[in-house]
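A.B. asks: Sharing a structure below in structure tokens format, with a few things to ask.
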């Protein structure tokens, strides 16, 4: 009678054609009275199929995985995961929970994982894209603030297939987003196309007036898509093309102050717009968020 096998490495010295005897774990001794089965060593693994695996062992979706070594990824899921890395998107592997049209929460401290300027992709019936513009942690939850301009917003619904990216150009990401800007200094504001993109923590804003507005003020402001970063005694400036009282104006400038959510548009270095007649502006300005 052979010895009791207590470790699988003990089977290494058994020939493929030999029979191995396995007894119930409850048996304290190898005994002819024990409930035993005899199988060939060569048959131990070769007939194993996914149907033989216990429920939940085969993982077919690696976008969210167990935190323990208790599952086996399928070939299809592994390929999908590898493909996702080549297209610039990384599965978040966590639950994102809706909080508002511009925020969602994640359990735990994720401030070391996400930062301003990161790109995200998620599904709420359809695929949606956003920039991260804020990350904060409190009461065991991380709150992520996002913007998709006027193109995308979060719905009060389940978020599935969450991905993030720190790559420059992840597959499918639109980069430029439209937003609805408010123009100040008008009785009838101009029709404007306003778009923005982020490069890290720099926001690039383009604004184009497709029609003139009717001025009622010496000032001209445009709301920003994202509030400017607060830096003491700092501001951002750029030249613009300006129309004042129906004529092209000299020395048009856009000016964004630290910590505010509007761009002030100047001619000749100040609020020198005519408070009547046609008024408009076109330009681009980059500022920090």
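Every read-out reported here was derived from the displayed coordinates using simple, explicitly stated rules and does not represent laboratory data. Bear in mind the structure is a predicted one, so any value in this text is a computation, not a measurement. So basically every Cβ, Gly included, is an ideal-geometry build from the backbone, and we count neighbours across all protein chains shown.
A.B. asks: If contacts are Cα pairs under 8 angstrom and at least 6 residues apart, what is the relative contact order of segment 189-279 in percent?
C.D. replies: Rounded, it is 31 percent for segment 189-279.
A.B. asks: Quick one: give the max-minus-min coordinate of the C-alpha atoms of segment 224-287 along each principal axis, largest first, in Å.
C.D. replies: Largest first, segment 224-287 extends 36, 21, 18 Å along its Cα principal axes.
A.B. asks: Using alpha-carbon pairs under 8 Å, 6+ residues apart, how would you state the relative contact order of segment 95-251 in percent? Intermediate values should be presented prior to the final figure.
C.D. replies: On the way: 288 pairs, mean separation 28.5, N = 157.
Computed value for segment 95-251: 18 percent relative contact order.
A.B. asks: Dividing the alpha-carbon radius of gyration of segment 167-289 by 2.2 N^0.38 Å (N being the number of residues), what value is obtained?
C.D. replies: 1.07
A.B. asks: Let me ask something additional. Please report the equivalent ellipsoid semi-axes of segment 57-126, computed as sqrt(5 x eigenvalue) of the Cα gyration tensor, largest first, in whole Å.
C.D. replies: 24, 15, 13
A.B. asks: Just grab the label-to-label distance for residue 191 and residue 248, each label 7 Å out from Cα along the Cβ direction, in nm (one decimal).
C.D. replies: Reported label-point gap for residue 191 and residue 248 is 2.3 nm.
A.B. asks: So, one more: At 7 Å along the Cα-to-beta-carbon direction for both residue 111 and residue 125, put a label point, then send me their distance in nm to one decimal.
C.D. replies: Spacing of the two 7 Å Cα→Cβ label points: 3.6 nm.
A.B. asks: Could you sort the peptides 67-73, 175-181 by per-residue average Cβ neighbour count (10 Å cutoff), highest mean leading? The partial results should precede the final answer.
C.D. replies: Values: 67-73: 10.0, 175-181: 15.9.
Most protected by this proxy first, the peptides run 175-181, 67-73.
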